[in-house]
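Heads up: the structure comes next, in structure tokens.
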Amino acid sequence: MRFWLGASFADAGELPGLARAADRLGFDTVAVSDHIFHTDYSSPYPYTADGSPPYEPGTHWPDPWVVIAAMAAVTERVKFATNVYVAPARDLFTVAKAVSTAAFLSGDRALFGVGVGWCADEFAQTGQDFRTRGRRLDEMIPALRALWAGGETEFHGRFYDFGPLSIAPVPSKPVPVYVGGDSDAALRRAARVGDGWIGNRIYAEDDLEDLLKRLEGFLAEHGRTLADLDVVAPIAAIPTPDLYRRWRDRGVTSTLAAPWWLATPDEKERHGKRTPALKLATMERFAAEVIDRM
């Protein structure tokens, strides 16, 4: 089992320090999220009962690829992922160059976690069609892989069509593509073209089992199994080595945690609520009680 540090909602200035701690403590990957702007969204947030997003107007949403490059500059081992990047809200070449540059500068430590997004407002402001975002992502992924491979390439599809060209720099290894989301469309996309799948919520164990069965069905349609994917699933249970060993045996290869979510009252009293000191203390405890024992 590999452990991803969920760094969503952290202030941008905290991220290099969290990355250094993750590098030292044995976390496999630091995951950052993506939003372009905050407004009074016309689209309801899909993961709360009332449709309100669980963050404030002042919540930091730094550009994921800029901050990944910054974190890579102060670390040696840990990888970095977007959880998830709303690629169809951007044009193809903006995505290709940003990811390629971050992957190159990080020494092949960048993972492309991608989803279709829920916020129509962001698509409207970037001039991208919200209604076709899934079909465009299906074309975008192979086009991106071709561009990241280096050398001259061309692509001819319904939404993306370009003649021979190349971009540079490109990474020395393929950028792994992780498809996010638990809709049937997202699971089918992961089964068809993904190197990995990322859950988009914290799953109760019964719900996770049902989801894995759905994913297995879609994988079977393409002659694949769970063993062909890095399955990243946040789990709604008290973190213990036994919990993670059990789900590892089921086929979950990675999980995502933000240890400060489970800070003890004593830790909050000593370090303050959600301060950098609290985040570091809870990461150290998680590493000692879970990662080191795995």
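The values are calculated or read from the model by the stated rules, or taken from the named source; none is laboratory data. Note that the structure is a prediction, hence the values are computed from the model and not measured. Positions of Cβ are generated from backbone atoms using ideal geometry, with glycine treated the same way; all protein chains shown enter the neighbour counts.
Details
- Among the residues of the range 79-95, just one is without any contact (Cβ under 8 Å) to a residue 60 or more places away in the chain, surrounded by 23 or more Cβ atoms within 10 Å (Cβ to Cβ) and in a loop (DSSP other than H, G, I, E, B), namely V86.
- Condition check for L137: within 14 Å of F93 (Cα to Cα) and in contact with a Pro (Cβ under 6 Å, 6 or more places away or on another chain): yes
- Residues that are surrounded by 15 or more Cβ atoms within 10 Å (Cβ to Cβ) and of a type in the set (S, T, Y) within the range 201-248 comprise Y203, Y244, listed in sequence order.
- Flag not set for V231, criterion: closer than 21 Å to E139 by Cα and either β-branched (V, I, T) or assigned to a helix (DSSP H, G or I) (or both).
- Selection within the range 178-226 - within 17 Å of the chain's Cα centre (by Cα) and among the polar types (S, T, N, Q): S183, N200
- Some residue of the range 40-50 being surrounded by 15 or more Cβ atoms within 10 Å (Cβ to Cβ), at negative phi, touching a Gly at 6+ places or on another chain (Cβ under 9 Å) and in a strand (DSSP E or B): no
One line per residue, one yes/no per condition, for (1) touching a strand residue (DSSP E or B) at 6+ places or on another chain (Cβ under 6 Å); (2) on the phi > 0 side of the Ramachandran plot; (3) crowded, with 22+ Cβ neighbours inside 10 Å; (4) among the hydroxyl-bearing types (S, T, Y):
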{"position": "T101", "(1), (2), (3), (4)": "no, no, no, yes"}
{"position": "F112", "(1), (2), (3), (4)": "yes, no, yes, no"}
{"position": "V116", "(1), (2), (3), (4)": "no, no, yes, no"}
{"position": "F130", "(1), (2), (3), (4)": "no, no, no, no"}
{"position": "A146", "(1), (2), (3), (4)": "yes, no, no, no"}
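- The one condition in (1) surrounded by 14 or more Cβ atoms within 10 Å (Cβ to Cβ); (2) at pLDDT below 95 that T29 fails to fulfil: (2)
- Test: residue in the range 249-266 that is loosely packed, with under 15 Cβ neighbours inside 10 Å, part of a loop (DSSP other than H, G, I, E, B), out of contact with any helix residue (DSSP H, G or I) (no Cβ under 9 Å at 6 or more places or on another chain) and not hydrophobic (A, V, I, L, M, F, W, C): no
- Within the range 62-78, the set of residues being surrounded by 17 or more Cβ atoms within 10 Å (Cβ to Cβ) and touching an Asp or Glu at 6+ places or on another chain (Cβ under 7 Å) comprises P64, T75, V78.
- Residue that is nearest to R109 (Cα to Cα), among those in the range 165-200 that are among the acidic types (D, E) and surrounded by 15 or more Cβ atoms within 10 Å (Cβ to Cβ): D195
- Within the range 267-288, the set of residues being in contact (Cβ under 8 Å) with a residue 12 or more places away in the chain and either among the polar types (S, T, N, Q) or outside any loop (DSSP other than H, G, I, E, B) (or both) comprises E267, P276, L278, K279, L280, A281, T282, M283, E284, R285, F286, A287.
- Filtered residues of the range 167-226 (kept if polar (S, T, N, Q) and in contact with a His (Cβ under 8 Å, 6 or more places away or on another chain)): none
- Among the candidates F9, F27, F3, the residue that is in contact with a Leu (Cβ under 7 Å, 6 or more places away or on another chain), under 30 Å from A288 (Cβ atoms) and among the aromatic types (F, W, Y) is uniquely F27.
- When residues of the range 118-128 are limited to those that are over 20 Å from the mean Cα position of the chain (by Cα) and part of a loop (DSSP other than H, G, I, E, B), the one surrounded by the fewest Cβ atoms within 10 Å (Cβ to Cβ): G127
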